[in-house]
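Notes for the one structure printed next.
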Amino acid sequence: MSVLVDKNTRLCVQGITGSAGGFHAKQCMEYGTNVVAGVTPGKGGQKFENKVPVFDTVWEARQATGCNVSVLFVPAAGAADGILEAVDAGVELVICITEGIPVIDMMRVKAEMAGKKSWLIGPNCPGIITPGECKIGIMPGYIHKPGGVGVISRSGTLTYEAVWQLTSRGYGQSTCIGIGGDPINGMSHLDAVKLFNDDPKTEAMILIGEIGGAAEEEAAAWIKDNCQKPVAAFIAGATAPPGRRMGHAGAIVSGGKGTAAGKIEALKAAGIAVADTPATMADTLITTMNGRK
Amino acid sequence: MNIHEYQAKELLQKFGAATPAGKVAGTAEEAEQIARELGTNALVVKAQVHAGGRGKGTFANGFKGGVHLVKSPAEAREVAAKMLGQTLVTHQTGAAGRVVNKVLIAVSVEIEREIYFAVLLDRATAAPLIVASTEGGVEIETVAEKSPEKIMREPIDPLAGLRPFQTRKLAKQLGFKSDQIKPAAKLFAALYRTFIESDCSMVEVNPLVVTKKGEVLALDAKFNFDDNALYRHPEIAAMRDTAEEDPREVEASKHGLNYIGLDGNIACLVNGAGLAMATMDIIKFYGGSPANFLDVGGGATEEQVTEAFKLLISDENVKAILVNIFGGIMKCDIIAQGIINAVKAVKLPVPLVVRLEGTNVDAGKKLIAQSGLAVIAADDLADAAQKVVKAAEGKS
């Protein structure tokens, strides 16, 4: 078991003939992900790597291949439309890697997705991986190991850091979800926590957040009342100056809201162990897990 | 990105939002000419710098105040001459101050009432939200603290936009008289249009005023733009004034680097925004102080890494450098080669701690070892942070 993706996932890659899309599609295939279709408007009929059929639309790709998950590597100006195209085609899970999508575009996407069955992960995210089964995104596959820790994060490389710490200490991961660094995104920390809470294979979770917004606080409040599994957390940006966007469009402290201190306090109040530094994310979780045995 | 007051005024005018008449001048002669065209003797001259606190600021030449009420075109010329080309120091500029290159000449209005009005993007609901208050002219955070009941919130449907009835309801709630409801509603609608069509994350009008003559005007406006959307607003991107920014950040942006200058002495070069923030945090945790935030991103080239490294070295406050890379898309050997190229061009003036992990890590480590660079290698993040803090203190 795992959440959202596994060896049965049938993946479509939007933007497969582009340089980033092509590079990462190949990496995912080498990891063992079942890439069944690619989409690039105007390039329908081609084969990617002499193997994967390329279609002009996601609709056609879904009809022809039964793809149930789609990942986007399309430029920012067309990404919002690409997400909605995949949702319209009935794909269950849409993962948007693209960085730099105007936030007003994402606001409209989110409003149009209300009531639809599809999940969105991202944008501006590394993707999702169920180690040993399915890798969708740009994370290096080899740092992962199958196991029981669910990882949720707004940041790419900080996720790799946590995963590598876990793997080096012998702890594998059930699924790792990068929810992305934008102010308006699809799946929230809380959505992911609920999925992991219901997944029998996930024994514990690491929740990685950063300054800006209130998604971590929302997850913390729910965990306090509903989650029995051990959870450790880390919040990046304690030293970030207020009012400045720290690389991620969503990482900003404004009007005294969304500070690291506020988030850490909310997490601790919910009984979640918070790592003092990014170097101790795995150790903090392991200590918490051992304390419960 | 920040813009000047006169640019904000131009943007509001473009969308039909009423503001006091006025224009920007680059010379004292222009200031007089504009004052004459405005056809009134109730005028204000305002120094154009990005910092707040202009009214209470002082010029390096001794002239007091960056905002002056004047009574004639001749006086406008006189005051403008004392401001232009001079350095204005306010509580927000720091001791170095900012050079005033332009002044705004505007009609000075007599204020009857002050309102606070803002349109912002609410992250929690993923929708626009209007925040307004009858307590204008003061900071909204202060109102929120002292009298939260005086703040009203009007959520907006992201697909339908601001409905006309909502503008009338807001006007009523804000206590506008019946004959002012229409102009107030019109101004609110124009401000919302400015917000959406300019891709803002916030438009804050404080104060929005009712004049003694009964006009409803946006007196001052602050804009936050969505950097991701600037590509479709070249006219807004052109409003950027690099003279108002940290020169280190201006240089970084020329090379497409995500850099924010801070005042510590440990420079860091990291890939990924989250890890870059976390690296600053861990430096602080071990008693050091970061000199910058720098995310070279996933797709940086060798040249970009070289430019980034040169930028770090050129900062005189820097006493040590930490390179922290977790290669995913970014390959460790690209980073290593970029650093080696930079150090070849500029001699390495301070200790350098390098922590590499992830894609092509062995190739990266080999390149550095072969280069003969005096690098302090670190095993993991904690080790790297402790070593760089020690190095910055002169103990390595």
With respect to B:L208, is the statement that it is under 18 Å from B:A171 (Cβ atoms) and in contact with a Ser or Thr (Cβ under 9 Å, 6 or more places away or on another chain) true?
no
Mind checking whether some residue in segment A:188-205 is more than 24 Å from B:N258 (Cβ to Cβ) and either within 8 Å of another protein chain (Cβ to nearest Cβ) or in a strand (DSSP E or B) (or both)?
yes
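Determine if segment A:151-173 includes at least one residue that is of a type in the set (G, A, S) and in contact with a Phe, Trp or Tyr (Cβ under 7 Å, 6 or more places away or on another chain). Full working, then the answer.
Here is the first cut: in segment A:151-173, the ones of a type in the set (G, A, S) are A:153, A:155-156, A:162, A:168, A:170, A:172.
Subsequent filtering for residues that are in contact with a Phe, Trp or Tyr (Cβ under 7 Å, 6 or more places away or on another chain) retains none.
Within segment A:151-173 (the criterion being of a type in the set (G, A, S) and in contact with a Phe, Trp or Tyr (Cβ under 7 Å, 6 or more places away or on another chain)), the answer is no, since none of the residues qualifies.
Just for segment B:152-208: of the residues that are acidic (D, E) and either open to solvent by less than 50 Å² (accessible area, probe 1.4 Å) or more than 30 Å from the chain's Cα centre (by Cα) (or both), which one is nearest to the other protein chains (Cβ to nearest Cβ)? Steps first, answer last, please.
Within segment B:152-208, the first condition is being acidic (D, E), and the residues that meet it are B:154, B:157, B:179, B:197, B:199, B:204.
With the extra rule that they be either open to solvent by less than 50 Å² (accessible area, probe 1.4 Å) or more than 30 Å from the chain's Cα centre (by Cα) (or both), the set shrinks to B:154, B:179, B:199, B:204.
On the way: B:E154: 16, B:D179: 34, B:D199: 6, B:E204: 10 Å.
Out of the qualifying residues, it is B:D199.
Specify the residue that is farthest from the other protein chains (Cβ to nearest Cβ); the eligible residues are those in segment A:135-173 that are of a type in the set (F, W, Y) and more than 22 Å from A:G247 (Cβ to Cβ).
Keep residues of segment A:135-173 that are of a type in the set (F, W, Y), which gives A:142, A:160, A:164, A:171.
Then drop every residue that is not more than 22 Å from A:G247 (Cβ to Cβ), which leaves A:142, A:171.
Working: A:Y142: 9, A:Y171: 16 Å.
Checking each candidate, the answer is A:Y171.
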So A:G90 ticks every box in (1) more than 30 Å from A:L166 (Cα to Cα); (2) within 18 Å of the chain's Cα centre (by Cα); (3) assigned to a loop (DSSP other than H, G, I, E, B) but one. Which box is left unticked?
(2)
Go through segment B:220-233 and report how many residues are within 14 Å of chain A (Cβ to nearest Cβ) and over 13 Å from the mean Cα position of the chain (by Cα).
6
Helices (runs of 4 or more DSSP H) fully within segment B:234-337 counting 3 or more residues that are open to solvent by 20 Å² or more (accessible area, probe 1.4 Å) and more than 14 Å from every other protein chain (Cβ to nearest Cβ):
B:247-254, B:302-314
Residues (modelled with pLDDT under 90 and either at the interface with chain B (Cβ under 7 Å from one of its Cβ atoms) or open to solvent by less than 20 Å² (accessible area, probe 1.4 Å) (or both)) located in segment A:249-260:
A:A249, A:G250, A:A251, A:V253, A:G255, A:G256
Within the bounds of segment A:98-116, is there any residue that is in contact with a strand residue (DSSP E or B) (Cβ under 6 Å, 6 or more places away or on another chain) and either in a loop (DSSP other than H, G, I, E, B) or among the basic types (K, R) (or both)?
yes
Taking the stated definitions as given, is A:M107 modelled with pLDDT of 95 or more, open to solvent by 10 Å² or more (accessible area, probe 1.4 Å), among the aliphatic types (A, V, I, L, M) and touching a Leu at 6+ places or on another chain (Cβ under 9 Å)?
no
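Has segment B:342-349 got any residue that is open to solvent by 10 Å² or more (accessible area, probe 1.4 Å) and either under 29 Å from A:T159 (Cβ atoms) or among the small types (G, A, S) (or both)?
Taking every residue of segment B:342-349 in turn, at least one turns out to be open to solvent by 10 Å² or more (accessible area, probe 1.4 Å) and either under 29 Å from A:T159 (Cβ atoms) or among the small types (G, A, S) (or both).
Go through A:G209, A:G148, A:G178 for me and flag whichever is in contact with a Ser or Thr (Cβ under 6 Å, 6 or more places away or on another chain), modelled with pLDDT of 95 or more, closer than 24 Å to B:M330 by Cβ and small (G, A, S). It would help to see each step written out before you state the result.
Numbers: A:G209 fails: in contact with a Ser or Thr (Cβ under 6 Å, 6 or more places away or on another chain); A:G148 fails: closer than 24 Å to B:M330 by Cβ.
Of A:G209, A:G148, A:G178, the one residue that is in contact with a Ser or Thr (Cβ under 6 Å, 6 or more places away or on another chain), modelled with pLDDT of 95 or more, closer than 24 Å to B:M330 by Cβ and small (G, A, S) is A:G178.
Name the residue that is nearest to the chain's Cα centre (by Cα), counting only residues in segment A:42-53 that are over 22 Å from B:G299 (Cβ atoms) and surrounded by 16 or more Cβ atoms within 10 Å (Cβ to Cβ). If you could, list the steps in order and put the result at the bottom.
Initially, segment A:42-53 is screened for residues over 22 Å from B:G299 (Cβ atoms), giving A:42-47, A:50-53.
Next cut, surrounded by 16 or more Cβ atoms within 10 Å (Cβ to Cβ) only: A:52-53.
Values: A:V52: 24, A:P53: 26 Å.
Ranking the candidates gives A:V52 first.
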For segment B:310-339, how many residues meet the condition of being in contact with a Gly (Cβ under 7 Å, 6 or more places away or on another chain) and closer than 17 Å to B:A392 by Cα?
0
Looking only at segment B:7-33, how many residues end up being buried (at least 17 other Cβ atoms within 10 Å of the Cβ) and hydroxyl-bearing (S, T, Y)?
1
So which residues in segment B:100-124 are at pLDDT below 95 and farther than 30 Å from B:K177 by Cα?
B:R123, B:A124
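Would you confirm, using the coordinates I've provided, whether B:L104 is over 30 Å from A:K257 (Cβ atoms) and open to solvent by 10 Å² or more (accessible area, probe 1.4 Å)?
On the way: over 30 Å from A:K257 (Cβ atoms): yes; open to solvent by 10 Å² or more (accessible area, probe 1.4 Å): no.
No; evaluated as a whole, the condition is false for this residue.
Identify the residue in segment A:75-127 that is without any contact (Cβ under 8 Å) to a residue 12 or more places away in the chain and within 22 Å of A:W59 (Cβ to Cβ) and, among all such residues, is farthest from the other protein chains (Cβ to nearest Cβ). Show your work before the answer.
Our first condition is that a residue be without any contact (Cβ under 8 Å) to a residue 12 or more places away in the chain; within segment A:75-127, this holds for A:77-78, A:81, A:104, A:111, A:114-115.
The next check asks that each one be within 22 Å of A:W59 (Cβ to Cβ); those that pass are A:77-78, A:81, A:111, A:114-115.
Working: A:A77: 7, A:G78: 12, A:D81: 14, A:A111: 4, A:A114: 9, A:G115: 12 Å.
Of everything passing the filter in segment A:75-127, A:D81 is farthest from the other protein chains (Cβ to nearest Cβ).
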Collect the residues in segment A:212-248 that are more than 9 Å from every other protein chain (Cβ to nearest Cβ), open to solvent by 30 Å² or more (accessible area, probe 1.4 Å) and under 27 Å from B:V203 (Cα atoms), keeping them in residue-number order.
A:E217, A:P242, A:G243
Residue check, B:E37 against (1) in contact (Cβ under 8 Å) with a residue 24 or more places away in the chain; (2) assigned to a helix (DSSP H, G or I); (3) more than 26 Å from B:V119 (Cβ to Cβ), all met but one. Which one?
(1)
Condition first: under 15 Å from A:C67 (Cβ atoms) and open to solvent by 10 Å² or more (accessible area, probe 1.4 Å). Now tell me which residues in segment A:16-32 satisfy that.
A:M29
Could you grab the pairs with beta carbons closer than 9 Å, sequence gap of 6+ or different chains, first residue in segment B:125-149 and facing chain A (nearest Cβ under 10 Å) and touching a residue at least 12 places away in the same chain (Cβ under 8 Å), second one among the charged types (D, E, K, R) and outside any loop (DSSP other than H, G, I, E, B)?
B:A126/A:K110; B:A127/A:K110; B:A127/B:D157; B:P128/B:D122; B:P128/B:D157; B:I140/B:E204
Go through the residues of segment B:87-101 one by one and say whether even a single one is over 26 Å from B:E245 (Cβ atoms), surrounded by fewer than 18 Cβ atoms within 10 Å (Cβ to Cβ) and out of contact with any strand residue (DSSP E or B) (no Cβ under 9 Å at 6 or more places or on another chain).
no
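The values are calculated or read from the model by the stated rules, or taken from the named source; none is laboratory data. Please read these numbers as outputs of a predicted model, since none were measured by experiment. In this analysis, Cβ positions are derived from the backbone assuming ideal geometry, glycine residues included, and neighbour counts consider all displayed protein chains. All accessible areas refer to the heavy atoms of the entire protein, side chains included, with ligands and DNA or RNA removed. Shrake-Rupley method; radii C 1.70, N 1.55, O 1.52, S 1.80 Å.
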